[in-house]
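For reference, the structure discussed in these notes is given below.
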Amino acid sequence: MNKSASFPSLCGKFLIAMPGMGDQRFERSVIYLCAHSDEGAMGFIFNQALESPTMPEFLQQLEIVESSEISMLPEEIMARTLYVGGPVEPGRGFVLHTPEFDSESTLHVSGNVRLTATLDILRAIATGKGPAKNMIALGYSGWSAGQLEDEITSNGWLTVDADESIIFETDIDKRYDSSLALLGISSTALSSDIGHA
């Protein structure tokens, strides 16, 4: 039997981690799902900042800028936060962004959110020519066929329609509570015992 037959595609939705889900990597995380089918799912945590590398270090590692050019980067680029997208391929960069940037490899996810994972978009961002709003994540969160559905059924995740402003505009430390608020829920009201006898 197809486990996901009763699950409509969750592409373009938020996954909000429930307390006590049992996986420290996803504690208090919110994930934007970019793909979901009966073959599996993938998305990006957008409320966990990476301590290293810094944005300048990341651009150097990818040879987008030379070390001598770092001091010439705009302050906005120097101060950019990189995000923990998830535990899969943590060395690879992915960019969630608004539609101003489009290439053959850009995935139109939902609404005004696009996903691009090429050096071109990082070069554009580094030179101030990137999309108006963007979020750079290292790694992604992935699930095999039926795995995400099982985790949702086991009360590991709540799902809600995405609000793009939370991804691109809300302060990182407020994204979890803001996502829960879309469901009319406060984090203090959540219990890790929900659904368990």
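The values are calculated or read from the model by the stated rules, or taken from the named source; none is laboratory data. For clarity, every value in this text was computed on a predicted model and none was experimentally measured. Cβ sites come from the backbone with ideal geometry, for glycine too, and all protein chains shown count toward neighbours.
Within segment 137-152, one or more residues are out of contact with any helix residue (DSSP H, G or I) (no Cβ under 6 Å at 6 or more places or on another chain), closer than 16 Å to Pro19 by Cα and crowded, with 18+ Cβ neighbours inside 10 Å. Kindly evaluate Gln48 against the criterion of being polar (S, T, N, Q), surrounded by fewer than 13 Cβ atoms within 10 Å (Cβ to Cβ) and closer than 26 Å to Gly142 by Cβ. No: the conditions fail for Gln48.
Each residue in segment 109-120 was checked for being more than 17 Å from Ile31 (Cβ to Cβ) and either acidic (Asp, Glu) or modelled with pLDDT under 95 (or both), and 4 pass.
Within segment 87-109, the residues that satisfy the criterion of being within 16 Å of Gly12 (Cβ to Cβ) and surrounded by fewer than 17 Cβ atoms within 10 Å (Cβ to Cβ) are Pro99, Leu107, His108.
Restricting Leu62, Leu10, Leu33, Leu50 to residues that are touching a Lys or Arg at 6+ places or on another chain (Cβ under 8 Å) and not polar (S, T, N, Q) narrows the list to Leu33.
The condition (being outside any loop (DSSP other than H, G, I, E, B), modelled with pLDDT of 90 or more and of a type outside the set (Lys, Arg)) is satisfied by just one residue among Ile31, Ile70, Ile77: Ile31. In segment 17-32, the residues that are in contact (Cβ under 8 Å) with a residue 40 or more places away in the chain and surrounded by 13 or more Cβ atoms within 10 Å (Cβ to Cβ) reach residues that are among the polar types (S, T, N, Q) and part of a strand (DSSP E or B) with C-beta atoms within less than 6 angstrom, at least six apart or across chains, in these pairs: Ile31/Ser141. Screening segment 153-165 for residues that are modelled with pLDDT under 95 and among the small types (Gly, Ala, Ser) and picking the one that is surrounded by the most Cβ atoms within 10 Å (Cβ to Cβ) gives Gly156. In a residue-by-residue description of segment 173-180, the property of being surrounded by fewer than 16 Cβ atoms within 10 Å (Cβ to Cβ), under 26 Å from Met21 (Cα atoms), out of contact with any helix residue (DSSP H, G or I) (no Cβ under 6 Å at 6 or more places or on another chain) and at pLDDT 90 or above applies to at least one position.
Filtering segment 62-86 to residues that are surrounded by 12 or more Cβ atoms within 10 Å (Cβ to Cβ) and without any contact (Cβ under 8 Å) to a residue 12 or more places away in the chain leaves only Glu69.
Cys11 satisfies every condition listed in (1) part of a loop (DSSP other than H, G, I, E, B); (2) farther than 14 Å from Thr159 by Cα except (2).
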